[in-house]
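Below: the structure, in structure tokens.
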Amino acid sequence: MFSRGDMHTITLNLAGLKLFSQSTGLEISAAKSDLFCAGVDKVMVDRIQALSGFKVVIWNTASVPKHQFLTWLAFKQRLLTKDRLAKIGLIEDQMCCLCSNGNESHSHLFFECDYSKACMAMLANWVGLQAQQKTLQQLVQRIARNCKGDKLRRQAYSAIINALVYFIWRARNDKMWNNHKWTVEQVVQ
Ligand SMILES: [Zn+2]
């Protein structure tokens, strides 16, 4: 859910969530939820945190919020990849539609898939980032380690990874739902 960072909008959203809980019996666990904030000052972040009870995470301002949000979902393995859809019985065919060479899971899609490897290799060439990590978690840790004390560089690398995850997922959706294939060059550009 995306929301403006003012108290009126936040209050309305929380009221909406409360209504949702009352009508469905499902409750959001504040302890297990993160709230992402961009472009709001520390005072506002503290007020939002006190009101909602959620853990507030400040967004990297170098990244586009929707890229960052998607990477967060991928990081937490919450994207509806084919292995997850198959597990709940919605589909049978788990084959990755980008490379047709392995079942689609988070680790396949972002690290083992020949298509995303080609995207990553092209990008690595441009920015000098060599990535041999196997999971998004490892990659993020590696960037944090390598860029210790260099916030700008870390933000730049993070923004690149966020954009790459976003465009790989978009290419996957376009192929899966519209049968339209993006070239590696289109994804990276
Ligand atoms: Zn693949």
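The values are calculated or read from the model by the stated rules, or taken from the named source; none is laboratory data. None of the values given here were measured: they were computed from a predicted structure. Here Cβ is always computed from backbone atoms with ideal geometry, including for glycine, and neighbour counts include all displayed protein chains.
Quick one: in region 138-188, which of the residues that are part of a helix (DSSP H, G or I) and among the small types (Gly, Ala, Ser) is farthest from residue 69 (Cα to Cα)?
From region 138-188, those part of a helix (DSSP H, G or I) are 138-146, 151-178, 184-188; that's our starting set.
Keeping just the survivors that are among the small types (Gly, Ala, Ser) gives 144, 156, 158-159, 163, 171.
Numbers: 144: 18, 156: 16, 158: 12, 159: 11, 163: 10, 171: 17 Å.
Filtering region 138-188 for residues that are part of a helix (DSSP H, G or I) and among the small types (Gly, Ala, Ser), the one farthest from residue 69 (Cα to Cα) comes out as 144.
How about region 60-114: which of its residues are touching a His at 6+ places or on another chain (Cβ under 7 Å) and over 24 Å from residue 33 (Cα atoms)?
Those that are touching a His at 6+ places or on another chain (Cβ under 7 Å) and over 24 Å from residue 33 (Cα atoms): 96, 102.
With the requirement that a residue be touching a helix residue (DSSP H, G or I) at 6+ places or on another chain (Cβ under 7 Å) and among the small types (Gly, Ala, Ser), what does region 77-116 give you?
If the condition is that a residue be touching a helix residue (DSSP H, G or I) at 6+ places or on another chain (Cβ under 7 Å) and among the small types (Gly, Ala, Ser), then 102, 105, 116 are the ones that fit.
Which numbered condition in (1) surrounded by fewer than 18 Cβ atoms within 10 Å (Cβ to Cβ); (2) within 12 Å of the ligand (Cβ to nearest atom) is the only one that residue 113 fails?
Evaluating residue 113 over (1) surrounded by fewer than 18 Cβ atoms within 10 Å (Cβ to Cβ); (2) within 12 Å of the ligand (Cβ to nearest atom) leaves (1) as the failure.
Conditions first: (1) more than 16 Å from the ligand (Cβ to nearest atom); (2) at pLDDT 85 or above; (3) closer than 30 Å to residue 178 by Cα. Residue 66 passes all but one, so which condition is the exception?
(2)
Would you confirm whether any residue within region 80-87 is modelled with pLDDT of 85 or more, closer than 30 Å to residue 155 by Cα and away from the ligand (no atom under 14 Å from the Cβ)?
Yes: one or more hits.
Please enumerate the residues belonging to region 77-102 that are of a type in the set (S, T, N, Q), within 21 Å of residue 187 (Cβ to Cβ) and over 18 Å from the mean Cα position of the chain (by Cα).
100, 101
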